Amino acid sequence: MPVTMREVRAALDPEEVDYPKAKRLGAAAIPFLMELVQGGDLGLASKATYLASLIKNEQSVAVLEAAMAREEPVLKAAAASGIRNLSVAHADRILDRLKDDPDIGIRKVALQSAATFKSPTIVAKLRQIAKTEQEPILRDFAANAVKKTKK
């Protein structure tokens with residue numbers, strides 16, 4: 001189904017985006033989401049980043065990576081939050097990029113999002129973070145996330 005930038009913007013313009021509805025735009029929206037991520041409106045770019053995580057294909061991960069490359073905290077936070085929506089392989093890739101971010105808030109959101117997985121690769125990363133993270137609160141969070149995966 002063809003999608004236009006007008007439709008993508010209409011889905012993302014509200015202050016409270018209806019993400020389940022916006023997700024129905026599907027993969028056809030990805031080029032427009034990429035354009036928004038690379039544009040000047042950070043609010044719209046962060047919504048586009050998160051929506052891309054819901055669409056779940058290889059190109060959506062490219063949108064998240066483009067958002068992170070901009071080095072804008074709001075975009076990195078949107079990518080970190082979107083980890084929970086990705087496949088294990090893609091989540092692992094994004095977590096790798098954000099687990100050592102200088103911003104504690106970005107690391108926290110990435111950990112919270114990654115903690116939703118029970119994948120051995122993600123759990124191994126959480127276990128490593130629990131040992132090496134500089135911030136005690138994030139070390140504890142990672143350790144608790146690992147414990148929860150055992151239940």
> Given the stretch 1-80, what helices (runs of 4 or more DSSP H) lie entirely inside it while holding 3 or more residues that are out of contact with any helix residue (DSSP H, G or I) (no Cβ under 7 Å at 6 or more places or on another chain) and under 24 Å from Lys99 (Cβ atoms)?
Replying inline: 58-69
> Taking the stretch 25-54 as the region of interest, how many residues are open to solvent by 10 Å² or more (accessible area, probe 1.4 Å), of a type in the set (S, T, N, Q) and under 15 Å from Gly82 (Cβ atoms)?
Replying inline: 1
> Could we say that Lys76 is basic (Lys, Arg), closer than 22 Å to Leu51 by Cβ and surrounded by 21 or more Cβ atoms within 10 Å (Cβ to Cβ) here?
Replying inline: yes
> Quick one: how many residues across the stretch 1-27 are closer than 14 Å to Leu44 by Cβ and of a type in the set (Val, Ile, Thr)?
Replying inline: 2
>> Quick check on this structure: which one of Ser46, Ser53 is closer than 22 Å to Ile106 by Cβ and in contact with an Asp or Glu (Cβ under 9 Å, 6 or more places away or on another chain)?
In response: Ser46
> Only one of these conditions is not met by Ala11: (1) surrounded by 19 or more Cβ atoms within 10 Å (Cβ to Cβ); (2) free of Cβ contacts under 8 Å to residues at least 24 places away in the same chain. Which number is it?
Replying inline: (2)
>> The conditions are (1) under 25 Å from Ile106 (Cα atoms); (2) surrounded by fewer than 16 Cβ atoms within 10 Å (Cβ to Cβ), and Ala66 fails exactly one of them. Which is it?
In response: (2)
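The values are calculated or read from the model by the stated rules, or taken from the named source; none is laboratory data. From a predicted model like this one, the values you see are computed outputs, not experimental measurements. Positions of Cβ are generated from backbone atoms using ideal geometry, with glycine treated the same way; all protein chains shown enter the neighbour counts. For accessibility, only protein heavy atoms count, side chains too; no ligands or nucleic acids. Shrake-Rupley method; radii C 1.70, N 1.55, O 1.52, S 1.80 Å.
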